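Have a look at the structure below, then the notes.
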Amino acid sequence: MKFFLDTANLAQIKEANDLGILDGITTNPSLMAKEGIKGKEAIDNHYKTICEIVNGDVSAEVFSTTFNEIIEEGKKLAAIHPNIVVKVPMIKDGVKAVKWFTDNGIRTNVTLVFNAGQAILAAKAGAAYVSPFIGRIDDTCWDGVQLVAQIANIYSIQGFKTEVLAASIRNANHIIQCAEAGADVCTCPLDSILGLLKHPLTDIGLAKFLEDAKKM
Ligand code: E4P
């Protein structure tokens, strides 16, 4: 399973990249706004900077919601760097645009996916990635990880090449569960990735080894 970081924060991207386990980045308008990135030039430059730090796919989301506008915006985003993947919302014009991008050699990530039907449409349109939102599904008392497993199973049965990118990850256990459910990629906040490191017995064991090492 690939590890993507779900952020537009450069310090966090550098920290995760330095760990050596980072395979890519996902962003969205909320994450870009959180970093204070405003205006087309600043947005393009920010994506360029991220692409220069990380050797992997970087999802850049369109703000448009009509076919022609999505195509124009997506073409410009894709031109920023070869690693840019155009992130398109799961709406009717979005699906149509994903098919157009697929036919024209531009890779896409279909976002805001909340059921298997949407995931089938994304795959039919040729999306490189489909993004089911695990945490937001859990918030509605459904099981987000279960959806990842269902999509992975359908894609496997049907031979779809679209990668299942588990998004809206809230904790380290989500990452473990998504790996078990067959996710191809998990896009996570840095804290959730670092949460995988933690176990009290590791800390206790290390303290004891270090203490005993002084006696060697
Ligand atoms: C995925 O690509 C989205 O950017 C993201 O995972 C949404 O997560 P949230 O539900 O924590 O906002």
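Compared with the dominant principal axis of the Cα atoms in the chain, helix 92-103 is inclined by about 80°. Taking the C-alpha atoms only, the angle from helix 10-19 to the longest principal axis of the chain is near 60 degrees. Annotation: per residue accessible area for the chain equals 52 Å², rounded to a whole number [probe 1.4 Å, protein chains only]. Please identify, among Cys141, Cys188, Cys178, the residue showing maximal mean-square fluctuation in a Gaussian network model of the chain using a 10 angstrom Cα cutoff. It is Cys141. Projecting the Cα positions of Ile176, Val164, Ala213 onto the charge dipole of the chain (unit charges on Cβ atoms of Lys, Arg, Asp and Glu, taken about the Cα centre) puts Val164 furthest along the positive direction.
Against the criterion of solvent-accessible heavy-atom surface with a 1.4 angstrom probe, Leu31, Leu19 sort, most first, into Leu19, Leu31. In straight-distance terms, cross-link reach from Lys215 covers every one of the lysines whose alpha-carbon lies under 29 Å from its own, apart from those fewer than eight places away in the same chain; here that gives Lys198. The charge dipole of the chain, taken about its Cα centre with unit charges on the Cβ of Lys, Arg, Asp and Glu (plus for the first two, minus for the last two), comes to roughly 220 debye. Between Phe67 and Lys198, the simple spin-label model (points 7 angstrom out along Cα→Cβ) gives 4.9 nm. Separation of the alpha carbons by more than 21 angstrom is noted, of Lys40/Lys76; Lys40/Lys96; Lys14/Lys161; Lys14/Lys208; Lys96/Lys161; Lys40/Lys99, for Lys40/Lys96; Lys14/Lys161; Lys14/Lys208; Lys40/Lys99.
Helical content alone sets the calculated 222 nm signal of the chain at -16000 deg cm²/dmol, taking -39,500 (n - 2.57) per DSSP H segment of four or more residues and averaging over every residue. Counting Lys and Arg as +1 and Asp and Glu as -1 over every other residue whose Cβ lies under 15 Å from the Cβ of Gly195, the net charge comes to -2. For segment 41-153, the dipole from Cβ point charges (+1 on Lys and Arg, -1 on Asp and Glu) about the Cα centre works out to 360 debye, to the nearest 20. Here segment 22-68 and segment 96-132 have alpha carbon centers that stand 18 Å from each other. Placing unit charges on each Cβ (+1 for Lys and Arg, -1 for Asp and Glu) gives the chain a dipole about its Cα centre, and among Phe101, Ala8, Thr111 the Cα reaching farthest toward its positive end belongs to Phe101. Taking Thr202, Thr102, Thr187 in turn, the Gaussian network model of the chain (Cα-Cα springs below 10 Å) assigns the largest fluctuation to Thr202. Hey, any idea what % of segment 105-214's accessible area is carbon plus sulfur with a 1.4 Å probe? Carbon plus sulfur share of accessible area: 59 percent. Out of Lys76, Lys40, Lys48, any idea which swings most in a Gaussian network model of the chain, alpha carbons joined below 10 Å? Result for the chain, Cα springs under 10 Å: Lys40 fluctuates most. The charge dipole of segment 140-201, taken about its Cα centre with unit charges on the Cβ atoms of Lys, Arg (+1), Asp and Glu (-1) only, comes to about 60 debye. Round to the nearest 0.05 the FRET efficiency obtained for Lys124 and Glu41 when R0 = 30 Å and r is the Cβ-Cβ distance. Computed FRET efficiency for Lys124 and Glu41: 0.25.
Ordered by 1.4 Å accessible area with all protein chains kept, Ile134, Ile91 run largest first as Ile91, Ile134.
The values are calculated or read from the model by the stated rules, or taken from the named source; none is laboratory data. Keep in mind that this is a model prediction, so the values were computed, not measured. With ideal geometry, Cβ positions are generated from the backbone for all residues, glycine too; neighbour counts draw on all protein chains shown. Just so you know, the surface numbers come from the protein's heavy atoms only, side chains and all, with ligands and any DNA or RNA stripped out. Shrake-Rupley method; radii C 1.70, N 1.55, O 1.52, S 1.80 Å.
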